[in-house]
Amino acid sequence: MQHSSSKLEAFGLVHGGRSPEPKTIRFEIFVSKGFCELEVAAVTHTLSLANKVMAETMFEWRYVSETPGVVSGANDMLVRAEPAIADHGFADVMVVVGGRRRKPEPWAQRARAMQRRSLLVVLLSDAATSFIENTKNPAGKVTTHWRDAVMLSETGYHPNMTFNLAESSDGIITAAGGSSTQELMIAMISPLCDGPKVAELGNRLLLQNIRTTNAEQPRDIAHNEGLFDQRITAAIQLMENTISEPLAMTELTEQLGVSTRQLERQFREVFNDTPAKFYKRLRSKRARAMLQETLLPIIDVAVATGFGSSAMLAKAVKDEYGVTPTKMRERKSVDLIGFQ
């Protein structure tokens, strides 16, 4: 299988003097004692399935560590790692998984050496947090798991930090990690695959949808309880939990233990909107995500978001976004990388 240099440039693996059509892309997974097993499994399982979907060994990987030999994870998973020599034996991509943070970070020197060689470095969750803490005024956007991002925002000035799933800056990808790692790996290798293969990979991983790297981390509207009255928070949570089978306003207010008039007054004060319209907007937003990020039939999206029919879904989406579900879904190619 031949790969165009333009696709590999999108992946970040083509630079001056390097072969534009490598036979195999090599990953190294940097682990330290107490590493996050979920992230390790997400990286290796995604690459393994990608090889199967593409019917060839396009991706290889190995484990490296500052303490070579058997390294144990946070929950006693064991991997056998090779020595990570700071300035020697680089792969095409280094993925540093989360885990116990150390000062100084054992991977930092190797990451800088790879940057100088225009090789890609991916920092997940805790590693991304450490990078943000220790990098003064990074040139581009950075991100990490939202819990750490909130902490960093409260303890320092980080104007370039976002709550997106991943950001790329100067050869360093910082990412939320955790269960979103599979989607990040798919996004990274998607320039080397056509649309059906990306969809098949997502299906084999049992992903209901595949988010783009610039998608915001899933912090529901009701997450920050400090923003709203407890009754508003409870109402939004109930709405979000019943999107597929929306409740009538009388049922909703009965479960919340408030009157319809009380709830309407609270929503108008906070959102300048009625609870019914707010509820419908939540369902339209969920429908939009499913239309853009999954291959589910439109009727299935309609049922999953409580509209019941394609016609009702079409009207709601057109009213909210100005386009029909069919137009919203149209796209010429799979583009999961949202880095600017």
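Distant-in-sequence amide contacts of M161, defined by a placed amide H-H separation under 5 Å and a gap of 5 or more residues or a different chain, comprise V142. For the residues P138, P297, P191, a GNM of the chain with alpha-carbon springs under 10 Å puts the largest fluctuation on P297.
Each principal axis of the Cα cloud of the chain was evaluated for its coordinate range; sorted largest first, these ranges are 69, 46, 37 Å.
Counting only Cβ charges, +1 for Lys and Arg and -1 for Asp and Glu, the dipole size of region 187-310 around its Cα centre is about 240 debye. Model label sites at R26 and H88, defined 7 Å from Cα along the beta-carbon direction, differ in position by 1.4 nm.
Comparing mean-square fluctuations of G73, G99, G257 from a GNM of the chain with C-alpha springs under 10 Å, the top value falls on G257.
Taking 0.36 nm per residue of sequence separation and removing the Cα-Cα distance, the T260/A139 pair yields an extension gain of 38.5 nm.
The 3J(HN,Hα) values that the Karplus relation (6.51, -1.76, 1.60; θ = phi - 60°) gives for region 55-68 are, in residue order, 6, 6, 8, 8, 10, 10, 8, 8, 9, 10, 7, 6, 10, x Hz. Gly and Pro appear as x. For D170 and K33, the difference between the fully extended length at 0.36 nm per residue and the C-alpha to C-alpha distance is 46.5 nm. With 28 Å as the limit on Cα-Cα distance, the pairs of K103/K141; K23/K141; K141/K285; K197/K277 that go past it are K23/K141; K197/K277. Only the Cβ atoms of Lys and Arg (+1) and of Asp and Glu (-1) were treated as charged; on that basis the dipole of the chain about its Cα centre amounts to roughly 480 debye. Note the angle between two axes, namely the Cα long axis of helix 37-53 and the longest principal axis of the Cα atoms of the chain, as a number of degrees from 0 to 90, rounded to the nearest 10. Its long axis makes an angle of about 80 degrees.
Taking each DSSP H run with n ≥ 4 as -39500 (n - 2.57) and averaging over every residue of the chain yields -13000 deg cm²/dmol at 222 nm. Would you mind checking which residues have amide H under 5 Å from G338's amide H? H placed 1.01 Å from N; only 5 or more apart, or other chain. Those qualifying (amide H under 5 Å, at least 5 residues apart or on another chain) are T213, N214. The value of relative contact order for the chain, using C-alpha pairs under 8 Å at least six residues apart, is 14 percent. Of the GluC sites (Glu not before Pro) found in region 46-86, those in coil by DSSP whose Cβ has at most 15 other Cβ atoms within 10 Å are E56. Highest GNM mean-square fluctuation among E269, E216, E167, for the chain modelled with Cα contacts below 10 Å: E269. Phi angles of region 91-106 translate, via the Karplus equation with coefficients 6.51, -1.76, 1.60 and θ = phi - 60°, into HN-Hα couplings of 8, 6, 9, 10, 10, 9, 7, x, x, 5, 7, 10, 10, x, 5, x Hz per residue; Gly and Pro are given as x. Straightening the chain between E245 and E320 buys 25.0 nm, computed as 0.36 nm per residue apart minus the Cα-Cα spacing.
Remark on Y63: its backbone amide H falls under 5 Å from those of I29, E82, a criterion applied only to residues 5 or more positions apart or on other chains, H modelled at 1.01 Å from N. Here the Karplus curve 6.51 cos²θ - 1.76 cosθ + 1.60, taken at θ = phi - 60°, turns the phi angles of region 71-78 into couplings of 10, 9, x, 4, 10, 6, 5, 10 Hz, with x standing for Gly and Pro. Heavy atoms of the protein chains alone define the surface here; on that basis the chain has 51 Å² accessible area per residue at 1.4 Å probe size.
The values are calculated or read from the model by the stated rules, or taken from the named source; none is laboratory data. Since this is a predicted model, take the numbers as computed values, not measurements. Reconstructed Cβ throughout: ideal geometry from the backbone, glycine too, with neighbour counts over all protein chains shown. The protein model used for the area step is the full one, side chains on, heavy atoms only, and it has no ligands, DNA or RNA in it. Shrake-Rupley method; radii C 1.70, N 1.55, O 1.52, S 1.80 Å.
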